[in-house]
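**Student:** Mind looking over this structure? Questions follow.
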Amino acid sequence: MSGQQTIMTGLLGYPVEHSMSPVMQNAAFKQLGIPYYYAAFAVHPDRLGQAVEGIRALGFRGVNVTIPHKVNVIDFLDDLHEEARLIGAVNTIVHENGKLIGYNTDGRGYVRSLLRETKISLSEQNVLILGAGGAARAIAVSLARSGVAGMVITNRTPEKAAELAESIQRHTDTRVRALSLSDLPDVVPDSTLLINTTSVGMSPNESDSPVPGELLHQRLVVSDLVYNPLETKLLKEARQAGCVTHSGLGMLVHQGALAFELWTGKEAPAELMYEKAHHMLTST
Ligand code: NAP
């Protein structure tokens, strides 16, 4: 590798100290023997535009973008990939021929992880999404574009579920309904894939679950975007009820693997990235 110029990538967020991406991405670059490097940058919201111009000026290949910049960063980009446009947020920038293009790999990363880990067929799934925040929007758009049979969205603030359902219905062929949380007992029996996109159950509130355990049935695949703890109360109760379960760590890994592939044009060593992220989570 000596004599080769380092190709820079990284993360813009605020804060970024706890990100697992630098370890995951640098291990992947090293495994492939390519001269890339990934560094995390804490960028104050007032400085976001300057930081994005810095990518251009310094010749970075691209960056990931995380909270709180995923929506506001769009103002500083030259173009958006269609899925990022539909989601209304960007988590990956690619610097191509002087242009900064915004992508969103969160939803596709989620879908790739779900399919690899559970082997389900999406066209047969009646999906129930709990939550209507940024993560819900990304995965709902990707699942709808991947052709799931139907989708129901519920949220503590019902107006946000209605708005998300309406927006997805407008842009895809998937049948989407918004229902109230009080409808859960009627909806769960007909669902085949239940996804928690809320922060309920996340450390330190590990004894919380977004769904009463008695509603879970063994025809359900249960997926939780929360990855700390790795097995949330929801996933534990689902496992005990005989459900196939899917943890949020896979989404974290595969959104990064897809960004890696956009920057390098090479297949990401996703298993190695998973091992690195898993090790970081379980050794702290
Ligand atoms: P967000 O935009 O702030 O949305 C939060 C969602 O959680 C909203 O639907 C909110 O409902 C709901 N919520 C929060 N507290 C609640 C409570 N006590 N009871 C019921 N609902 C509650 O956040 P986000 O970016 O979508 O992230 C949501 C979760 O996904 C977080 O736990 C995050 O760590 C996880 N996540 C994981 C990955 C991954 O790679 N695995 C990626 C992104 C996010 P209201 O609308 O009523 O406030």
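**Student:** Mind counting the residues in segment 206-218 that are over 15 Å from T154 (Cβ atoms) and surrounded by 13 or more Cβ atoms within 10 Å (Cβ to Cβ)?
**Tutor:** The total comes to 5.
**Student:** Sticking with this structure for a sec: Among the residues of segment 61-108, which ones are open to solvent by 50 Å² or more (accessible area, probe 1.4 Å) and of a type outside the set (K, R)?
**Tutor:** Once the filter is applied, which keeps residues that are open to solvent by 50 Å² or more (accessible area, probe 1.4 Å) and of a type outside the set (K, R), segment 61-108 yields I67, P68, V71, N72, D75, F76, D78, D79, H81, E82, E96, N97.
**Student:** Considering each of R61, R85 in turn, give the residue that is among the charged types (D, E, K, R) and touching a residue at least 60 places away in the same chain (Cβ under 8 Å).
**Tutor:** Checking each option against the conditions leaves just R61.
**Student:** Going through segment 122-169 one residue at a time, which ones are within 16 Å of the ligand (Cβ to nearest atom) and on the phi > 0 side of the Ramachandran plot?
**Tutor:** G131, the sole residue that qualifies.
**Student:** Another question about this same structure. Taking only segment 88-112 into account, find how many residues are over 17 Å from F60 (Cα atoms) and out of contact with any Leu (no Cβ under 8 Å at 6 or more places or on another chain).
**Tutor:** Qualifying residue count for the region: 4.
**Student:** Inspect segment 217-237 for any residue being more than 15 Å from the ligand (Cβ to nearest atom) and of a type in the set (F, W, Y) and give the result as yes or no.
**Tutor:** no
**Student:** Oh, and also: How many residues does segment 264-284 hold that are part of a loop (DSSP other than H, G, I, E, B) and among the small types (G, A, S)?
**Tutor:** Counting residues in segment 264-284 that are part of a loop (DSSP other than H, G, I, E, B) and among the small types (G, A, S) gives 3.
**Student:** Okay, moving on. Within segment 109-119, take every residue that is open to solvent by less than 30 Å² (accessible area, probe 1.4 Å) and among the aliphatic types (A, V, I, L, M) and give me the one that is nearest to I7 (Cα to Cα).
**Tutor:** So the residue we want is V111.
**Student:** In the set A161, A140, A144, which member is assigned by TED's automatic domain parsing to the domain that holds L122 and out of contact with any helix residue (DSSP H, G or I) (no Cβ under 6 Å at 6 or more places or on another chain)?
**Tutor:** A161
**Student:** I'm trying to understand the selection: among the residues of segment 8-31, which are out of contact with any His (no Cβ under 8 Å at 6 or more places or on another chain), open to solvent by 60 Å² or more (accessible area, probe 1.4 Å) and not basic (K, R)?
**Tutor:** Listed by number, the residues that qualify are P15, E17, H18, V23, Q31.
**Student:** Follow-up question, since we're still on this one. Which residue, of V226, V188, V222, is among the aliphatic types (A, V, I, L, M) and in contact with a Cys (Cβ under 6 Å, 6 or more places away or on another chain)?
**Tutor:** Going through V226, V188, V222 in turn, the sole match is V222.
**Student:** To continue, here is another question. Can you name every residue in segment 227-260 that is exposed (fewer than 15 other Cβ atoms within 10 Å of the Cβ), out of contact with any helix residue (DSSP H, G or I) (no Cβ under 9 Å at 6 or more places or on another chain) and assigned to a helix (DSSP H, G or I)?
**Tutor:** If the condition is that a residue be exposed (fewer than 15 other Cβ atoms within 10 Å of the Cβ), out of contact with any helix residue (DSSP H, G or I) (no Cβ under 9 Å at 6 or more places or on another chain) and assigned to a helix (DSSP H, G or I), then R239 is the only one that fits.
**Student:** Test of understanding: among M280, M273, M251, which residue is more than 18 Å from the chain's Cα centre (by Cα) and among the aliphatic types (A, V, I, L, M)?
**Tutor:** M280
**Student:** Now for a separate question. Which is away from the ligand (no atom under 15 Å from the Cβ) and either closer than 18 Å to N26 by Cα or of a type in the set (S, T, Y) (or both), of G213, G256, G265, G242?
**Tutor:** That would be G265, the only listed residue that is away from the ligand (no atom under 15 Å from the Cβ) and either closer than 18 Å to N26 by Cα or of a type in the set (S, T, Y) (or both).
**Student:** So, one more: Out of all the residues in segment 120-141, which are surrounded by 24 or more Cβ atoms within 10 Å (Cβ to Cβ), farther than 18 Å from V187 by Cβ and touching a Leu at 6+ places or on another chain (Cβ under 9 Å)?
**Tutor:** Once the filter is applied, which keeps residues that are surrounded by 24 or more Cβ atoms within 10 Å (Cβ to Cβ), farther than 18 Å from V187 by Cβ and touching a Leu at 6+ places or on another chain (Cβ under 9 Å), segment 120-141 yields R137, V141.
**Student:** Tally time: how many residues in segment 37-68 are within 23 Å of I7 (Cα to Cα), of a type outside the set (D, E, K, R) and touching a Gly at 6+ places or on another chain (Cβ under 9 Å)?
**Tutor:** The qualifying residues number 14.
The values are calculated or read from the model by the stated rules, or taken from the named source; none is laboratory data. Keep in mind that this is a model prediction, so the values were computed, not measured. When we count neighbours, we look across all protein chains shown, and the Cβ atoms used for this are built from the backbone with ideal geometry, even at glycine. Protein only, heavy atoms only, side chains kept; ligands, DNA and RNA dropped before computing areas. Shrake-Rupley method; radii C 1.70, N 1.55, O 1.52, S 1.80 Å.
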